[in-house]
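A.B. asks: Pasting in a structure now, in structure tokens, and then I'll have a few things to ask.
The values are calculated or read from the model by the stated rules, or taken from the named source; none is laboratory data. Here the structure is a predicted model, which is why all the values come from computation and not from measurement. Glycine gets a Cβ as well: all are built from the backbone with ideal geometry, and neighbour counts include every protein chain shown.
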Amino acid sequence: MNFIGEIAGLATSFLFAMTAIIFTKTGHMVGSQVTNRIRLLFGLILLVILNIILFREPLPFSAGSSRWIWLSLSGVIGLSLGDAFLFQSFLSVGVRLGTLLLSLAPIFGSIIAWALFGETLTPLQITGIVLALGGIGWVVMSHEEHVDTPSGLTRRGVIFGILGALGQAVGLVLAKQGVDGDFHPFQANAIRMLAAVIFIWVWAIIQKEASGTITTVRKQPQVLWLLALGALVGPVLGVSASLLAVQHAEVGVASTLMALPPVIILPISHFVYKEKVSWQAIAGTLLAIVGVAVLFLA
């Protein structure tokens, strides 16, 4: 039985968990918006280099126009707008609830993929998704926020969180159409990243924040190494793995397996940062693992 899509989804979660740790640090150093703009730019540069080495062209110009359209839309909606809404949700309602709202992405993705492209899930797959998302939600809700995290559950923050999850879901559904067949994830990712970089930097110029972004980074040049590392792990390897996942698995299954970073970060927080892990978090982790097992059995 072929588990390429499921394994790629799990790999995506591991890579995104590592990226979250790196970009949390850079976010404290230069801010989340600067981090977002620079990480996408570095991601595009690294992908261009990889495409030159592997395929002898910086971008997949030989790909059909339909792939460019699907993947460009996916990049703008998923990588630019989705992440922007997610960051704003974190600011309004905190990382814990923002992450919980992001867990709606697999549900949105399954509904959209079914409505637009007729993609269906088996009862066993639905059971696995429900168990995994329940475990993820349990882990997230068991984690206590830091004192300086906004505690007010504002309507705006909830709306941003839902829009962030919707953006992630739509981005994955569109990406699945763009990688249909045997199109290489690195090539697909380069198209997505190019569209996202153009959109986010044009928007920064319109908002008159582009020069401020460059100035902020120049004042702390040491952050560039962390941003480059984070870009390699997340926007390059992580996003490419996510494209491989949706290429070989249903959107609902793939996006559920990609939603596991809160569970993966748990042992890191305990053993590396010496944070206390509650029994609820452990129970949620076990439930999520059962859900993942069911998805593989399905």
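A.B. asks: Looking only at region 1-40, which residues are in a helix (DSSP H, G or I), polar (S, T, N, Q) and in contact with a helix residue (DSSP H, G or I) (Cβ under 8 Å, 6 or more places away or on another chain)?
C.D. replies: The answer is T12, S13, T19, T26, S32, Q33, T35, N36.
A.B. asks: Just checking, how many residues over region 57-73 are under 27 Å from L224 (Cα atoms) and surrounded by fewer than 19 Cβ atoms within 10 Å (Cβ to Cβ)?
C.D. replies: Within region 57-73, residues that are under 27 Å from L224 (Cα atoms) and surrounded by fewer than 19 Cβ atoms within 10 Å (Cβ to Cβ) number 3.
A.B. asks: Considering only residues that are under 14 Å from the mean Cα position of the chain (by Cα) and either modelled with pLDDT of 90 or more or crowded, with 24+ Cβ neighbours inside 10 Å (or both), which ones fall in region 253-273?
C.D. replies: A254, S255, T256, L257, M258, A259, L260, P262
A.B. asks: Let me ask you something else. From L131, L71, which residue is modelled with pLDDT of 90 or more, part of a helix (DSSP H, G or I) and in contact with a Lys or Arg (Cβ under 7 Å, 6 or more places away or on another chain)?
C.D. replies: Among L131, L71, only L71 is modelled with pLDDT of 90 or more, part of a helix (DSSP H, G or I) and in contact with a Lys or Arg (Cβ under 7 Å, 6 or more places away or on another chain).
A.B. asks: With respect to L44, is the statement that it is under 23 Å from E250 (Cα atoms) and part of a helix (DSSP H, G or I) true?
C.D. replies: no
A.B. asks: Taking the options V30, V76, V93, V48, name whichever one is in contact (Cβ under 8 Å) with a residue 60 or more places away in the chain and buried (at least 23 other Cβ atoms within 10 Å of the Cβ).
C.D. replies: That would be V93, the only listed residue that is in contact (Cβ under 8 Å) with a residue 60 or more places away in the chain and buried (at least 23 other Cβ atoms within 10 Å of the Cβ).
A.B. asks: Also, I was wondering about something else. Condition test on A204, is it in a helix (DSSP H, G or I), more than 18 Å from the chain's Cα centre (by Cα), surrounded by fewer than 21 Cβ atoms within 10 Å (Cβ to Cβ) and of a type outside the set (F, W, Y)?
C.D. replies: Criteria met by A204.
A.B. asks: Same structure, new question: Report yes if F42 is in contact with a Leu (Cβ under 9 Å, 6 or more places away or on another chain) and either surrounded by fewer than 20 Cβ atoms within 10 Å (Cβ to Cβ) or within 27 Å of Q207 (Cα to Cα) (or both), otherwise no.
C.D. replies: yes
A.B. asks: For A231, indicate whether it is under 20 Å from F14 (Cβ atoms) and assigned to a loop (DSSP other than H, G, I, E, B).
C.D. replies: No: the conditions fail for A231.
A.B. asks: Inspect all residues belonging to region 104-115 and state whether any of them is buried (at least 19 other Cβ atoms within 10 Å of the Cβ), closer than 30 Å to A293 by Cβ, within 20 Å of the chain's Cα centre (by Cα) and of a type in the set (F, W, Y).
C.D. replies: Yes: region 104-115 contains one or more residues that are buried (at least 19 other Cβ atoms within 10 Å of the Cβ), closer than 30 Å to A293 by Cβ, within 20 Å of the chain's Cα centre (by Cα) and of a type in the set (F, W, Y).
A.B. asks: I'd like to check something: does region 266-280 contain any residue that is basic (K, R) and at positive phi?
C.D. replies: Scanning region 266-280, I find at least one residue that is basic (K, R) and at positive phi, so the answer is yes.
A.B. asks: Picking from I198, I159, which residue would you name as being assigned to a helix (DSSP H, G or I), under 29 Å from S211 (Cα atoms), over 14 Å from the mean Cα position of the chain (by Cα) and of a type in the set (V, I, T)?
C.D. replies: Residue meeting the stated conditions: I198.
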